[in-house]
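Here's the structure, in structure tokens; my notes come after.
The values are calculated or read from the model by the stated rules, or taken from the named source; none is laboratory data. The model shown is predicted, which means the values in this text are computed figures rather than measured ones. In this analysis, Cβ positions are derived from the backbone assuming ideal geometry, glycine residues included, and neighbour counts consider all displayed protein chains.
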Amino acid sequence: MKDPYCYPDSEILINRFEEREDQRLSEIEAVYTAFRVRQLCDKPHEGLFDFQHLCNIHQFIFHWAG
């Protein structure tokens, strides 16, 4: 069965980087995530660490994921 979220004939999720090779995609994701976490360490998001605050942090870190 064809997965509409993956590239044709692949198990790789369609992604903003248009990367179709699994190892390379993992490397790109790691670099982008590390960069955003570093930004967050340099300038933390103010808040109460409630559910919405954690969602905002997650969105900040993984904005590239869609």
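Structural remarks
- Options Glu27, Glu19: the member that is in a loop (DSSP other than H, G, I, E, B), modelled with pLDDT of 95 or more and under 14 Å from the mean Cα position of the chain (by Cα): Glu19
- Residue list for the range 32-52, restricted to those being loosely packed, with under 11 Cβ neighbours inside 10 Å and part of a helix (DSSP H, G or I): Arg38, Cys41, Asp42, Phe51, Gln52
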